[in-house]
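The values are calculated or read from the model by the stated rules, or taken from the named source; none is laboratory data. Predicted model only: the values in this text are computed from it and were never measured. Ideal geometry is used to build each Cβ from the backbone, glycine not excepted, and the neighbour counts take in all protein chains shown.
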Amino acid sequence: MSPVTGVVTAFLASVCLTAVLVRLAQRLALLAHPNDRSSHRAATPTLGGLAIVVPLLAALLAMALTDGDRFIAGLLGAVVLLAVIGFLDDVRELSAAFRFFCQMVAVVWALHGLDLETGLLWQGLIALLLLWHVNLFNFMDGIDGIAGVQTLVFCTGVFLLAGGVDGEAGLLVWVLSGASLGFLAFNWPPARIFMGDVGSLVLGLVIGVLVIVLHGTGQVPCAASIILLTGFWFDASYTLCVRMLTGQPFTQAHRSHLYQRLSDRLGHLGTTSLFAAMGALWLFPLAWLSIRYPDRQAVWVAMAVLPYLAGAVVFRAGQRNEA
């Protein structure tokens, strides 16, 4: 399948699915209601992430039936598990312990399919990082369009950096790009539907796995992917650390992420647009430099973090709200 065919097919499927999901969610009252920790002010249809998950599952199933690859089989099982758990949690809230256990199973399942040739200690560390990435994607999906934009920044970035991504990873990148773009047609501010856990958990897993695969195949080094994903991993990690250090109940939902502080001032459209612009104009050039000058990768990663760190300090990300 060519990149154009993959993107267009996934885009059209996602647009059609999202349009159906908007009406279905309204009819079945599957709505995300605003509360004091949410960033929206009106009840909005949810489960829109299914429009990304379904094309992704179709692509994974087609590849699994074609060659029976262990990597694809492992990822397919992990995606199905996270999609089911995310769906159930969106419809009826599950316990945190059960969700976390299922996420761990999904991460181990996906990594088992990769068959990493590393020591047990490294595999454990990679599993923890991947588990964190699954959760941080869920944490960061809090305003209109932001998770879809981050997916597009990553997918478009690695495609351009690699001069076209080959193999199974390439097909996954194309499908994610098209499906995310189709979903964004309805999720762009002001959103007509939300992604929900069913979408954010799966995106966190698949993008994390793609980072590992692209690095392992020599197509895109890990440092470049880390730079492209800076907006999400830094905000989530910095905010969590601040909340822990200041004695706040860090496991509870909150509205103190940097992107949430910015959305209070710029609105959802302004914040998501700024996020997209930073990805294109700041992060992508630095990711290219990390490939062009690999001996200075730490410098490029630090430069990627710098504006987000400045914003987090200025806007008091993670800090308690002032009375």
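Tallying residues that are in contact (Cβ under 8 Å) with a residue 12 or more places away in the chain and either farther than 30 Å from R320 by Cβ or not aromatic (F, W, Y) (or both) within segment 266-297 yields 19.
When V91 is tested against the conditions (1) aliphatic (A, V, I, L, M); (2) under 21 Å from H254 (Cα atoms); (3) without any contact (Cβ under 8 Å) to a residue 24 or more places away in the chain, the lone failure is (3).
Take T18 and decide whether it is over 19 Å from F139 (Cβ atoms), β-branched (V, I, T), modelled with pLDDT under 95 and in a helix (DSSP H, G or I). Break it down stepwise before answering.
On the way: over 19 Å from F139 (Cβ atoms): yes; β-branched (V, I, T): yes; modelled with pLDDT under 95: no; in a helix (DSSP H, G or I): yes.
Criteria not met by T18.
For segment 195-204, the condition holds for no residue, the condition being that it is over 30 Å from R27 (Cα atoms) and among the polar types (S, T, N, Q). Would you confirm whether any residue within segment 22-32 is closer than 23 Å to W174 by Cβ and assigned to a helix (DSSP H, G or I)? No, because not a single residue in segment 22-32 is closer than 23 Å to W174 by Cβ and assigned to a helix (DSSP H, G or I).
Looking only at residues that are crowded, with 21+ Cβ neighbours inside 10 Å and of a type outside the set (S, T, N, Q) in segment 248-271, which one is nearest to F186 (Cα to Cα)? Walk me through how you get there before you give the answer.
At the first step, the residues of segment 248-271 found to be crowded, with 21+ Cβ neighbours inside 10 Å are 257-263, 268, 271.
If we keep only those that are of a type outside the set (S, T, N, Q) as well, we get 257-259, 261-262, 268.
Working: H257: 24, L258: 24, Y259: 20, R261: 24, L262: 22, H268: 14 Å.
Looking at the filtered set, the residue picked out is H268.
Just checking, how many residues over segment 106-124 are among the hydrophobic types (A, V, I, L, M, F, W, C) and surrounded by 15 or more Cβ atoms within 10 Å (Cβ to Cβ)? First the steps, then the outcome.
Step one: list which residues in segment 106-124 are among the hydrophobic types (A, V, I, L, M, F, W, C), which gives 106-111, 114, 116, 120-122.
After this cut, where a residue has to be surrounded by 15 or more Cβ atoms within 10 Å (Cβ to Cβ) as well, the list is 106-111, 114.
Adding up the residues that qualify gives 7.
Which of the numbered conditions does V173 fail, given that it passes all the others? Conditions: (1) over 17 Å from the mean Cα position of the chain (by Cα); (2) more than 22 Å from Q297 (Cα to Cα). So V173 meets the others, but not (1).
Of everything in segment 288-323 that's part of a helix (DSSP H, G or I) and of a type in the set (S, T, N, Q), which residue is surrounded by the fewest Cβ atoms within 10 Å (Cβ to Cβ)?
Start the filter on segment 288-323 by keeping residues that are part of a helix (DSSP H, G or I), which leaves 288-292, 294-314.
Subset that is of a type in the set (S, T, N, Q): 290, 297.
Details: S290: 27, Q297: 18.
This residue is Q297.
Being basic (K, R), closer than 24 Å to V242 by Cα and more than 21 Å from the chain's Cα centre (by Cα) is a property that does not hold for R255.
Looking for whichever is outside any loop (DSSP other than H, G, I, E, B) and among the small types (G, A, S) here; the options are A78, A42. Which one fits? First the steps, then the outcome.
Details: A42 fails: outside any loop (DSSP other than H, G, I, E, B).
Testing whether each residue is outside any loop (DSSP other than H, G, I, E, B) and among the small types (G, A, S) leaves just A78.
The listed residues are F186, F194, F250, and the only one of them that is among the aromatic types (F, W, Y) and without any contact (Cβ under 8 Å) to a residue 12 or more places away in the chain turns out to be F250. Of the candidates G48, G77, G86, the single residue that is under 25 Å from G167 (Cβ atoms) and at pLDDT 90 or above is G77.
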